[in-house]
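**Q** Would you mind keeping the following structure in view while I ask a few things?
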Amino acid sequence: MASAAPHLPRVIVNMAMSLDGKVSSRSREPVTFTSREDRRHLLRLRARADAIVIGAGTASIDRQTLGIPDPGIQRQRQRRGIPPHPLRIIVSGRLSLSPRLKLLHIPISPLLFVCTKQAPVKRQRLFAKMGCVLVCGRREVDLPRLLEILAADCKVKTLVCEGGPTLNDAFFRAGLVDELFVTLLPCLVGGTDAPTLAEGRGFSTLKQAARGRLISLKQGCAECFLRYRFA
């Protein structure tokens with residue numbers, strides 16, 4: 001299905017959360033509470049993606065490479081005429097992430113660092129040694145403009161966003177999310193400081209809130225898999 005904005009890539013947000021809406025604990029540790037079934041679900045979504053995007057916070061705590069470790073899926077992608085691994089995109093307004101992150105030194109696919117004009121030139125030059133640096137926005141990353149560039153210059157048709165909560169919020173507030181996949185986990189995390197699925201600035205009123213439509217619900221062995229359409 002095409003994006004709600006035909007000239008822009010289709011944006012899919014994929015997250016796992018607890019029964020009380022938490023995507024991690026208050027210590028913001030890497031997510032380890034999902035099952036093998038959810039990890040297969042994650043790979044199926046990545047297999048559809050031309051690019052994967054995450055925020056700086058997620059890049060800093062997650063141990064993932066944002067690649068596709070399954071050789072079978074890699075071959076399927078190549079038969080479809082696309083690279084075995086999606087383009088990897090990290091959004092960081094000031095390029096505040098550590099250049100020592102493991103993710104940045106595993107050359108499975110190109111890296112694109114998206115920042116604002118607030119990012120120091122010295123940091124831009126540093127990360128340009130590891131991938132491409134795109135300055136997109138003055139104080140906040142201009143997500144609509146980013147999608148236009150991805151479509152025109154990188155031929156991205158499907159973009160999967162894997163968080164974190166602040167980046168999710170920015171995509172929803174900009175009205176750019178086409179679908180949301182949520183894995184609902186049978187646990188309760190609690191804690192005022194534990195991150196939820198979407199944080200950041202949020203919507204001012206309930207009337208403005210992004211509203212989706214449930215289009216599928218699958219009960220797994222331990223989790224429930226929900227799919228919502230927003231476009």
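**Q** Note down the magnitude of the dipole of the stretch 126-231 about its Cα centre, charges +1 on Lys and Arg C-beta and -1 on Asp and Glu C-beta and zero elsewhere, to the nearest 20 debye.
**A** Numbers: 14 positive and 11 negative charges, 64 e Å.
About 300 debye.
**Q** Per residue, how much accessible area does the chain show when a 1.4 Å probe rolls over the protein heavy atoms, in square angstrom? Walk me through the numbers before you get to the answer.
**A** Working: 12320 Å² over 231 residues.
Per-residue accessible area for the chain comes out at 53 Å².
**Q** To the nearest 20 Debye, how big is the dipole of the stretch 20-92 about its Cα centre, given +1 on the beta carbon of each Lys and Arg and -1 on that of each Asp and Glu? Mind showing how you got there, number by number?
**A** Values: 15 positive and 7 negative charges, 59 e Å.
Value, rounded to 20: 280 debye.
**Q** What share of the DSSP beta bridges in the chain is antiparallel, in percent to the nearest 5? Walk me through the numbers before you get to the answer.
**A** Details: 13 of 39 bridges.
Taking every DSSP beta bridge within the chain, about 35 percent pair in antiparallel fashion.
**Q** Hey, what number do you get for the chain at 222 nm if only DSSP H runs of n ≥ 4 count, each worth -39500 (n - 2.57), divided across all residues, to the nearest 500? Kindly include the intermediate steps, with their values, before the conclusion.
**A** Working: 6 runs with 57 residues, N = 231.
It comes out at -7000 deg cm²/dmol, rounded to the nearest 500.
**Q** Tell me, what is the 1.4 Å probe accessible area of residue 177, in Å² to the nearest 10?
**A** 10
**Q** For the stretch 139-231, what is Rg from Cα atoms divided by 2.2 N^0.38 Å, rounded to two decimals? It would help to have the intermediate numbers written out before the result.
**A** Details: Rg = 15.1 Å, N = 93, 2.2 N^0.38 = 12.3 Å.
Its radius of gyration relative to the 2.2 N^0.38 Å reference: 1.23.
**Q** Follow-up. At a 1.4 Å probe, what is the % contribution of carbon and sulfur to the accessible area of the chain? Show your work: numbers first, answer last.
**A** On the way: 6520 of 12320 Å².
After summing per-atom areas, the C and S share lands at 53 percent.
**Q** Here is a further query. If you find the alpha carbon centre of the stretch 190-231 and of the stretch 105-177, how far apart are they in angstrom?
**A** 23
**Q** Straight distance only, please: which lysines reach the Cα of residue 122 with their own Cα at less than 30 Å, same-chain residues fewer than 8 apart left out?
**A** 102, 155
**Q** Please list, in order, the residues from the stretch 157-199 whose amide nitrogen is less than 17 Å from a point placed 7 Å along the Cα→Cβ vector of residue 73.
**A** Label zone hits: 158-163, 181-183.
**Q** Between residue 39 and residue 140, what is the label-point separation in nm under the 7 Å Cα-to-beta-carbon projection?
**A** Taking the two extended label points, one gets 3.6 nm.
**Q** Still on this model: What distance in nm lies between label points placed 7 Å from Cα along the C-beta direction at residue 148 and residue 65?
**A** For residue 148 paired with residue 65, the spin-label model returns 3.5 nm.
**Q** Indicate the gyration tensor shape class of the chain (rounded, prolate or oblate), computed on the Cα atoms with a ≥ b ≥ c the square roots of the eigenvalues: a/c under 1.5 is rounded; otherwise a/b larger than b/c is prolate and the rest oblate.
**A** Numbers: a/c = 1.29, a/b = 1.18, b/c = 1.10.
It is rounded, given that a/c, with a ≥ b ≥ c, falls under 1.5.
The values are calculated or read from the model by the stated rules, or taken from the named source; none is laboratory data. As the structure is a computational prediction, the values presented were derived from the model and not from experiment. With ideal geometry, Cβ positions are generated from the backbone for all residues, glycine too; neighbour counts draw on all protein chains shown. Heads up: the accessible areas ignore ligands, DNA and RNA and are worked out on the full protein's heavy atoms, side chains in. Shrake-Rupley method; radii C 1.70, N 1.55, O 1.52, S 1.80 Å.
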